[in-house]
Amino acid sequence: MPASKEMPDTIKRSPKHAQSIWSKAHDSAVDEYGEGERAHRTAFSALKHEYEKVGDHWEKKDKAGPSDRKAAGGRNSPGKTRGGVNANASKQHLYDVAKKLDISGRSTMDKGQLVDAIEKANRRETRKAREK
């Protein structure tokens, strides 16, 4: 199935460039691995190299690169993905994203807590957007 029919709503609410990255990676992965979860994971991996999830959509990162330890290590690396949060970003960047998402208590959080809070806020915002 073409990527345009498989594209998640969070990507549909994102810039055209993000949609293009996801679509091309998805279609290529379908050709290589077949339709299914692996094609989606591959497409998200490509997207997360240049974009980060902020609320219910994706925004371009200041600098391209892996978004978390799992992405940096590859398919069989230990660790978990952070749901599109750019966990490799500076604490200041994470603080700015938390401010944009109006996360309370952000000024007292360490980097790991900011990543967790942003991940939770992103899920909440995506859930709200689906309910509209």
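Rule-based calculations on the coordinates, nothing more; no lab input. Just so it is clear, the model here is predicted, and its values are computed rather than measured.
Couple of notes before you dig in:
- Using the rule -39500 (n - 2.57) for each DSSP H run of four or more residues, divided by the residues of the chain, the 222 nm mean residue ellipticity is -17500 deg cm²/dmol.
- For Y51, nonlocal amide neighbours, meaning residues 5 or more places apart or on other chains whose placed amide H falls under 5 Å from its own, are K61.
- Note on region 1-73: Rg/Rh from C-alpha atoms, Kirkwood Rh, equals 0.95.
- Dimensionless Rg/Rh of the chain - Kirkwood Rh, Rg from C-alpha atoms: 0.97
- Using a cutoff of 8 angstrom between alpha carbon atoms and counting only pairs six or more residues apart, the relative contact order for region 3-131 works out to 20 percent.
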